[in-house]
Structures are given as C-alpha cells and as structure tokens.
Amino acid sequence: MGMTNVKREPDVQEQDDPGRKQAYLEALTYVERLHRRLLDVIKDELDRIDCTEINSVQALLLFNIGDSEMTAGELRTRGHYLGSNVSYNLKKLVEAGYIHHQRSRSDRRSVRVRLTDKGRAICAAIDEVYKKHCGMLASVGDISVEELRQTNATLFKLERFWTDQIRYRL
C-alpha cells in the first residue's frame, strides 16, 4: 500500500480560494507563537516558585514524563518532546536531580527515565497552572469547551496532514 510519488490535481475549489494561503500562513504563525507563549507561561511559573536551575523546555519535558517511565526515543515518538537536543536536556535534568535514569537490563544502550520527587514537584506546579487556566478559560479567555474541542480537532487534522506530507512525500 505505497502512496509514494502520488500526485493529485488540486480541486477547483482549492485553486479558486485566494484566502486559503493567507489563512494557512496565519494558522502557522499562531501555532508557532502559541508554543513560544506556553514556554513563557511556564517560565513565569518557574520564576514564581523560585526555580532557576531548569528552563521552561525542561519543565515541560518533566510534565510530559509525569508518572511514566520511558526512554528518550519514546519521548520523541509519543510527541512529548520535539527538540533535537532531548539527550542534552535529559542529562541536565539528571544532573540537577529532577530525573532518575537507569540502563535497560535487556538493551544496555537504552536508558529509561522517570521523575524524582524534585521532578514530580515541578510537574505538580505545572499541573496547578493548567488547572487554574482551565478554571479561567471561559470567564477570562471567553473560550468554551466546544471551541477547544473544535480547535483540537482542527489541529489534529493539521498534524495528520503534515505527517502524511513527510510519510508519503506528497
């Protein structure tokens, strides 16, 4: 079932919609900006709790590990961490005492990681921020649950579209 080198002609509707490219580029800008803003929000919380030894990317990594035990590769494949320097950040978190690591007994090249109590404390602080945000989304942000669900559905489709572009070289 190979879909490589599949070329398709654009629909007439796609060709006739001059606003489509502008809307797509605007969406890309928002996705990029939202990720940076999330890191700013996390950095702000780290400052509030006087945590200066890790950065927002590392704190988000701790949150995404949560109660799980996984390898660096699993962090990437599960979509929890998208940076090319995951090994560097994991090393720094181990050195700072936020993550415990252990070599796999079956594959000595593989290292499994899990949070220490110190890491779980950061995870809990980020979770509290998210809970606070959830309580304020409707009243302060004017964002309903249905709007979030629709946004999530659209972002899921966009992610699938991009994944297909890579997988099938469309």
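Taking the range 125-169 as the range and being over 19 Å from E26 (Cβ atoms), without any contact (Cβ under 8 Å) to a residue 60 or more places away in the chain and not in a helix (DSSP H, G or I) as the test, the residues that pass are L137, A138, S139, V140, G141, D142, S144. Give the range 110-130 a look and list any residue that's over 15 Å from D50 (Cα atoms) and in contact with a strand residue (DSSP E or B) (Cβ under 7 Å, 6 or more places away or on another chain), or say none. Selection gives S110, V111, R112, V113, R114, L115, T116.
Could you tell me which of the residues R105, R114 is closer than 18 Å to F63 by Cβ, outside any helix (DSSP H, G or I) and out of contact with any helix residue (DSSP H, G or I) (no Cβ under 6 Å at 6 or more places or on another chain)? Checking each option against the conditions leaves just R114.
Taking residues in the range 33-53 that are surrounded by 11 or more Cβ atoms within 10 Å (Cβ to Cβ) and among the acidic types (D, E), and partners anywhere that are at pLDDT 95 or above and not in a helix (DSSP H, G or I), the pairs with Cβ atoms closer than 8 Å and at least 6 places apart or on different chains are E53/A96.
If you take the residues in the range 70-85 that are surrounded by 14 or more Cβ atoms within 10 Å (Cβ to Cβ) and more than 11 Å from the chain's Cα centre (by Cα), which one is modelled with the lowest pLDDT? Filtering the range 70-85 for residues that are surrounded by 14 or more Cβ atoms within 10 Å (Cβ to Cβ) and more than 11 Å from the chain's Cα centre (by Cα), the one modelled with the lowest pLDDT comes out as A72. Criterion applied to S87, S68 was being in a loop (DSSP other than H, G, I, E, B) and either closer than 27 Å to E32 by Cβ or not basic (K, R) (or both), and the one residue passing it is S68.
The values are calculated or read from the model by the stated rules, or taken from the named source; none is laboratory data. Treat the numbers as computed from the prediction; the structure is a model and nothing was measured. Reconstructed Cβ throughout: ideal geometry from the backbone, glycine too, with neighbour counts over all protein chains shown.
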